[in-house]
Amino acid sequence: MLVRRLVPLPAAGCTLAAPSPRFRHAATFARRHGSSSGLLEELDREVDRALERATRATVTWTPLATGFVSPAVTAAVVSALSTSADTGVIPWGGYPQAERARLLLGPRDMLDVWAGEPAGAPWPPPPPPIQILHVRGNFLFDPGRHADFLGAVLGTGIERSMVGDVVGVGDRGAHVFVSSSIVPHLEASLTQVRSVPVTLSLTDLADLALPPPRIREVSSVEASLRLDSILSAGLRLSRSKAADLVRQGSVRVNWRPVAKPSVELSAGDIISCSGKGRLVLRDAQPTAKGRWRVTMTQTV
């Protein structure tokens, strides 16, 4: 039997991912980056469901949490509620750097008290929504990738919205952030990842050993701000290889898949490439010769 260990919500002063000013509505940005109509509709549905839940939570004075959502949905919901005097949102994925997060929605006054003074809140505390599950095994001779651990969890019949980030810990397995309600199911069902038998245990946030990110600064002068051009410079690839990665669906801009290498970027855009890390386009300034001087940060 696993001992229940809950990940608390962030206290006052805890840094949460701030949405770009560009995130005003999910549809706008999906169209801008050439996303498919199916993705566009799904993003809109997720955002709409979260906003409907936020309204219900405020009207009933009962905070409600979403499942885990993508950074794009988080940013759109946070932006949509940023001007509301009545309804607030606390995104939390279990640790400050989390990409996928659950959104705690409810009356702004109530959430402000919880975030600022959780011990002295006059209302019952919110349901702790997240637990950290250590999927432990000897992966020295059969290394497990992110997709292997995620696939093994989802293969037990779990919906994607019940699972947050998956953080590898080398040949010892991975930490998987999950909704607390599914822990008993995983305890009974998850016994193997790839060819490796695994055991499960719950981990405290304080005991979580996250590898420090590797960061590289990149400066370049480019003919345009096309996605394939910036990706090529940032990842030190040929432009044709960068374009192929985009067409293969390996690249996301501001967390949304894109299919067009010709998409024009601007300062502040975040480009993720499967297996190659993330680029942040920090600055883009025109030169006297009509080119672009760009500054990027690559995180691996």
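None of 54, 75 is buried (at least 20 other Cβ atoms within 10 Å of the Cβ), of a type outside the set (Lys, Arg) and in contact with a strand residue (DSSP E or B) (Cβ under 7 Å, 6 or more places away or on another chain) except 54.
In the stretch 225-265, which residue that is among the polar types (S, T, N, Q) and not in a helix (DSSP H, G or I) is nearest to residue 98 (Cα to Cα)? Before the answer, list the steps.
Of the residues in the stretch 225-265, the ones among the polar types (S, T, N, Q) are 229, 232, 238, 240, 248, 250, 254, 262.
Next, only the ones that are not in a helix (DSSP H, G or I) stay: 238, 248, 250, 254, 262.
Values: 238: 31, 248: 26, 250: 20, 254: 15, 262: 30 Å.
For the stretch 225-265, the residue satisfying everything is 254.
For the stretch 146-154, state whether one or more residues are touching a residue at least 60 places away in the same chain (Cβ under 8 Å) and more than 25 Å from residue 43 (Cβ to Cβ). Give the derivation first.
The initial filter retains those residues of the stretch 146-154 that are touching a residue at least 60 places away in the same chain (Cβ under 8 Å), namely none.
There is no residue in the stretch 146-154 that is touching a residue at least 60 places away in the same chain (Cβ under 8 Å) and more than 25 Å from residue 43 (Cβ to Cβ).
Being surrounded by 17 or more Cβ atoms within 10 Å (Cβ to Cβ), closer than 28 Å to residue 64 by Cβ and free of Cβ contacts under 8 Å to residues at least 60 places away in the same chain narrows it down to one residue among 193, 166; which is it?
On the way: 193 fails: closer than 28 Å to residue 64 by Cβ.
After ruling out the rest, the residue left standing is 166.
Checking each residue in the stretch 189-222 for being at pLDDT 95 or above and not in a strand (DSSP E or B) picks out 189, 190, 191, 194, 195, 198.
Residue check, residue 246 against (1) more than 21 Å from residue 76 (Cα to Cα); (2) in contact (Cβ under 8 Å) with a residue 12 or more places away in the chain; (3) surrounded by fewer than 17 Cβ atoms within 10 Å (Cβ to Cβ), all met but one. Which one? For residue 246, the failing item is (3).
Selection of the stretch 130-147 for residues being in a loop (DSSP other than H, G, I, E, B), surrounded by 19 or more Cβ atoms within 10 Å (Cβ to Cβ) and in contact with a helix residue (DSSP H, G or I) (Cβ under 7 Å, 6 or more places away or on another chain) yields only 139.
Working only within the stretch 276-295, note down all residues that are assigned to a loop (DSSP other than H, G, I, E, B) and closer than 21 Å to residue 246 by Cα. It would help to see each step written out before you state the result.
From the stretch 276-295, those assigned to a loop (DSSP other than H, G, I, E, B) are 276, 287-291; that's our starting set.
276 - this is the single residue of the stretch 276-295 that is assigned to a loop (DSSP other than H, G, I, E, B) and closer than 21 Å to residue 246 by Cα.
On the basis of being among the β-branched types (Val, Ile, Thr), assigned by TED's automatic domain parsing to the domain that holds residue 158 and either at pLDDT 90 or above or exposed (fewer than 12 other Cβ atoms within 10 Å of the Cβ) (or both), does residue 287 make the cut? If you could, list the steps in order and put the result at the bottom.
Details: among the β-branched types (Val, Ile, Thr): yes; assigned by TED's automatic domain parsing to the domain that holds residue 158: no; either at pLDDT 90 or above or exposed (fewer than 12 other Cβ atoms within 10 Å of the Cβ) (or both): yes.
It is false that residue 287 is among the β-branched types (Val, Ile, Thr), assigned by TED's automatic domain parsing to the domain that holds residue 158 and either at pLDDT 90 or above or exposed (fewer than 12 other Cβ atoms within 10 Å of the Cβ) (or both).
Sort through 210, 200, 186 and tell me the only one that's surrounded by fewer than 16 Cβ atoms within 10 Å (Cβ to Cβ) and under 14 Å from residue 134 (Cβ atoms). Show your work before the answer.
Working: 200 fails: surrounded by fewer than 16 Cβ atoms within 10 Å (Cβ to Cβ); 186 fails: surrounded by fewer than 16 Cβ atoms within 10 Å (Cβ to Cβ).
Result of the check over 210, 200, 186: 210.
Sort out which residues of the stretch 223-239 are under 18 Å from residue 285 (Cβ atoms), touching a helix residue (DSSP H, G or I) at 6+ places or on another chain (Cβ under 7 Å) and crowded, with 18+ Cβ neighbours inside 10 Å, and write them in order of number.
The initial filter retains those residues of the stretch 223-239 that are under 18 Å from residue 285 (Cβ atoms), namely 223-226, 229-230, 233-234.
Next cut, touching a helix residue (DSSP H, G or I) at 6+ places or on another chain (Cβ under 7 Å) only: 223, 229.
Within the stretch 223-239, 229 is the sole residue that qualifies.
Scan the stretch 266-275 for residues that are part of a strand (DSSP E or B) and out of contact with any Ser or Thr (no Cβ under 7 Å at 6 or more places or on another chain) and the total you get is 3. Can you spot a residue in the stretch 148-156 that is part of a strand (DSSP E or B), within 16 Å of the chain's Cα centre (by Cα) and at pLDDT 95 or above? Looking for residues that are part of a strand (DSSP E or B), within 16 Å of the chain's Cα centre (by Cα) and at pLDDT 95 or above, one finds none in the stretch 148-156, hence no.
The values are calculated or read from the model by the stated rules, or taken from the named source; none is laboratory data. Everything numeric here is computed off the predicted structure, so don't read it as measured data. As a convention, Cβ positions derive from the backbone with ideal geometry for all residues, glycine included, and neighbour counts pool all protein chains shown.
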